[in-house]
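To start, the structure under review is shown below, and the notes come after it.
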Amino acid sequence: MRMNSTAVEDAGRKISARRDTLLIVAVAIIAAVVCAKFNLSEALLNLTRPFERLQLDELPAVVLVIAISLVWFASRRYFEATRQLRLRIAAEAQLAETLAENQRLAQQYLDVQEQERKALARDLHDELGQYLNVIKLDAVSIREALPDRPGAADVVRGMIANIDRVSGVVRGLIRRLRPVGFDDLGVAAALEHCVNEWRSRLPLASIELSLTGDVEALDETRGLALYRLVQESLTNIARHSKATKAEIQVAVSRTAQLGQCLEIIVTDNGCGADMTAPQSGLGLVGMRERVSVLGGSIAVTSERGAGFKIICLLPMAGAP
């Protein structure tokens, strides 16, 4: 896209240079015809003859020298401007290449992060979760083996309660590390589960989720990006917005710039915020980074007392 725009600009500059050259040639020809027809040199000589002492007849030569000097000055400035333009184009190309490399590195970092989260969630579920279940079964066996010792039974019941609490913490960690049902049931089920969890955490808020189109066609990277966007939006609503109503709309659409893309709109009726003020959190920064490395765009609007509105466009496929 950038190379095409640069080529168009170069072609426009060449056409403009040719047009200016033709204009100069045409003006020069018209001036020569007018001077030849009306004998302007003789007329100028007759006008300046009474002022011979002022040497006004030498004025054309002086004007010619000034014109040649201006041409030389303009040519120097032109070549200098051309050199600066080439340097600027080269710097912009290098900057674009560096930006593309940074985006690739950011995408690789996000991929590695998600893979590590997936592996850690699997290890927590398969290793720690199984050991906790075994410990709980042993504690239950001990409790049933000591029915006539109430003191020991109370201790064992406390152990079982602590094991249940640790198991709950482990399940919460697994849910935060890897979306529940994402690998087995798909992104739609994972989003439904995420929204249902937030509904239980925010009983006073109404959270609506609308899915339109085949979101299951997303690859793993874009599916996780969609899930993390919704998750971070709901986290912001819970922490900062104090909203009583939130709407999440996910739809497959098409734009001239991105082609087939995913449109995510999250709105709430919370207290809002002044977007021009310095932001201390990194939630929105992380959302923008996730979207930008995939070639999408995100816009966040808010005003005091008007809630938040997040509009994100995410390409359905294609390299970042």
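Would you work out which of S241, A145, P179 lies farthest towards the positive end of the dipole of region 131-256? Charges go on Cβ: Lys and Arg +1, Asp and Glu -1.
The residue sitting farthest along the positive end of the dipole is S241.
Quickly rank 164-172, 29-37 as a protection proxy: mean count of other C-beta atoms within 10 Å, highest first.
164-172, 29-37
Short version: ³J(HN,Hα) in whole Hz for each residue of region 180-190, in order, from phi by Karplus 6.51 cos²θ - 1.76 cosθ + 1.60 (θ = phi - 60°), x for Gly and Pro, what are they?
For region 180-190, the Karplus-derived couplings read 5, x, 5, 6, 9, 10, x, 5, 5, 5, 5 Hz, x marking Gly and Pro.
Report the far tail of the P(r) of region 208-274, meaning the percent of Cα-Cα pairs longer than 17 Å.
Distances greater than 17 Å cover 47 percent of the Cα pairs.
Please arrange S297, S253 by accessible surface area, largest first, computed with a 1.4 Å probe and ligands excluded.
Largest accessible area first, the list is S297, S253.
For region 55-130, which whole-number percentage of the solvent-accessible area (1.4 Å probe, protein heavy atoms only) is attributable to carbon and sulfur atoms?
65 percent
Could you give the radius of gyration (one decimal) and Dmax (whole number) of the Cα atoms in region 79-178, in Å?
Rg, Dmax (Cα atoms, Å): 28.8, 102.
The values are calculated or read from the model by the stated rules, or taken from the named source; none is laboratory data. Small disclaimer: the values here were computed from a predicted structure and weren't measured. For neighbour counting, all protein chains shown are included, and Cβ atoms are generated from backbone atoms with ideal geometry for every residue, glycine included. Heavy atoms of the whole protein, side chains included, go into the accessibility calculation; ligands, DNA and RNA do not. Shrake-Rupley method; radii C 1.70, N 1.55, O 1.52, S 1.80 Å.
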